[in-house]
Amino acid sequence: MNKKAILIGAMLLFGASVFSTITSAQNYKPGTGISSRGFFWSDNFDSYTSGSLLGGQGGWFPWDNDPAADANVTNVHSHSPANSVEIKGGCDMVHQWENVNYGNCTFRVWAYVPSDFDGSIYIILLSLYNGGSSKWDLQVHFNSATLMLEDYDSSNATPYVIDGWGEVRVEIDFVNDWQKVYYNDLLWLSKSWTEGTSGGGVLALNAVDLWGESGTSIYYDDISVWGLEAPSQPELEIGPVTGGFGLKASVKNTGIGEATNVVWNITLDGKLVFLGKSSTGAFATIAPAGEEVIKAGFILGFGKTNIVVSATCDQGKTAEKTASGFVLGPFLLGVK
């Protein structure tokens, strides 16, 4: 049965809640995890005070912000000195990320299962965290009855380490909608990402949920997410269309990526437009926040006309603006 239905009806890790990049620390933007090359998030709980509640620290919060679901930071066990988080029955701790949705992504967590562990405790990955409307794409749990790490969604399982640390690694392929789950480098589960536990997920990793369900304590440490940032994309916009002697407009790049091979067109459909019915041109690049003026060729005619100004670029972005006016010889009047 779905976990929330019950409730509601390489790269290891140095700073706690630290964002960095795998390519250049110079590109690191604190608090965002976004760089020009990728992002890398990790938490080893060592900057938090042992005995404190995890909620409100490092971006962690209880499910539905329920204080009763909070968990303790502890130094009883740790994979990297000196702290870990203790998850037990009633605990339900969430951490979210944004824009982990491009190429491939790897999630890692180390887990310590004591010999006296009893019950069931979950590691859950979600493509969307939204309370009862969330999308659960992976739910694996430590089951003391079988001494196995089990998939909620199938009969797949693998033995877990007792009184020691074991690593759960999930490799997500957003291109092919697939996930592979490893325990201590042993592949034991492979299946669709979006058709995971709840089905109908999206191609993104939005959150991890450490759920204590009915279990006594398990300890988690050195959690990380790494993935490729989607390439910065431009956005094209046509500026105001103005008349007078001829016709002018502009092409703007309002996105965060460079627009390349920007091709523009101006067309007039007036029946008595003899010259200048169609004009075209191109710019090699338009930088983010950049703008280039475009002009129609020589216009000659008489009467009403509709005007269409459009632009495209190599990144597949398009923009278009329509207007109307009155052609009087070489002049374009009353453009609106």
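What is the residue count in region 63-91 for residues that are out of contact with any Cys (no Cβ under 8 Å at 6 or more places or on another chain), outside any loop (DSSP other than H, G, I, E, B) and farther than 21 Å from residue 169 by Cβ? Working first, answer last.
Of the residues in region 63-91, the ones out of contact with any Cys (no Cβ under 8 Å at 6 or more places or on another chain) are 63-68, 72-91.
Pick out the ones that are also outside any loop (DSSP other than H, G, I, E, B) and you get 63-65, 67-68, 72-74, 84-87.
From what is left, the residues that are farther than 21 Å from residue 169 by Cβ are 63-65, 67-68, 72-74, 86.
Residues that pass the stated criteria total 9.
Would you be able to say whether some residue in region 137-145 is buried (at least 19 other Cβ atoms within 10 Å of the Cβ), in contact with a helix residue (DSSP H, G or I) (Cβ under 9 Å, 6 or more places away or on another chain) and modelled with pLDDT of 95 or more? Yes; the residues of region 137-145 include at least one that is buried (at least 19 other Cβ atoms within 10 Å of the Cβ), in contact with a helix residue (DSSP H, G or I) (Cβ under 9 Å, 6 or more places away or on another chain) and modelled with pLDDT of 95 or more.
Take residue 187 and tell me if it is loosely packed, with under 15 Cβ neighbours inside 10 Å and touching a Pro at 6+ places or on another chain (Cβ under 9 Å). Break it down into steps so the answer makes sense when it comes.
Working: loosely packed, with under 15 Cβ neighbours inside 10 Å: yes; touching a Pro at 6+ places or on another chain (Cβ under 9 Å): no.
Answer is no for this residue.
Listed by first and then second residue, the pairs linking a residue in region 94-108 that is in the same structural domain as residue 42 (by TED's automatic domain parsing) and closer than 16 Å to residue 135 by Cβ to a residue that is among the hydroxyl-bearing types (Ser, Thr, Tyr) and assigned to a strand (DSSP E or B), with Cβ atoms under 9 Å apart and 6 or more places separating them unless they lie on different chains, are 101/127; 107/224.
Among the residues of region 247-257, those identified as touching a strand residue (DSSP E or B) at 6+ places or on another chain (Cβ under 6 Å) and not β-branched (Val, Ile, Thr) are 247, 248, 249, 250, 252, 253. Any residue at all in region 171-179 that's under 27 Å from residue 48 (Cβ atoms) and either buried (at least 16 other Cβ atoms within 10 Å of the Cβ) or not assigned by TED's automatic domain parsing to the domain that holds residue 220 (or both)? No; the residues of region 171-179 include none that is under 27 Å from residue 48 (Cβ atoms) and either buried (at least 16 other Cβ atoms within 10 Å of the Cβ) or not assigned by TED's automatic domain parsing to the domain that holds residue 220 (or both). If the condition is being not in a loop (DSSP other than H, G, I, E, B) and not aliphatic (A, V, I, L, M), then region 132-155 contributes 132, 135, 136, 137, 139, 141, 142, 143, 150, 151. Restricting attention to region 229-258, which residues are touching a Cys at 6+ places or on another chain (Cβ under 8 Å) and either of a type in the set (A, V, I, L, M, F, W, C) or surrounded by fewer than 18 Cβ atoms within 10 Å (Cβ to Cβ) (or both)? Across region 229-258, the qualifying residue is only 236. Counted as qualifying within region 233-309 are the strands (runs of 3 or more DSSP E) with 1 or more residues that are over 37 Å from the mean Cα position of the chain (by Cα), farther than 30 Å from residue 102 by Cβ and not β-branched (Val, Ile, Thr), namely 248-253, 259-268, 273-275, 278-286, 291-295. Across region 191-207, the number of residues qualifying as of a type in the set (Ser, Thr, Tyr), over 27 Å from residue 119 (Cβ atoms) and either touching a Lys or Arg at 6+ places or on another chain (Cβ under 9 Å) or surrounded by 21 or more Cβ atoms within 10 Å (Cβ to Cβ) (or both) comes to 1.
The values are calculated or read from the model by the stated rules, or taken from the named source; none is laboratory data. Since the structure is predicted, the reported quantities are computational estimates derived from the model, not experimental observations. So basically every Cβ, Gly included, is an ideal-geometry build from the backbone, and we count neighbours across all protein chains shown.
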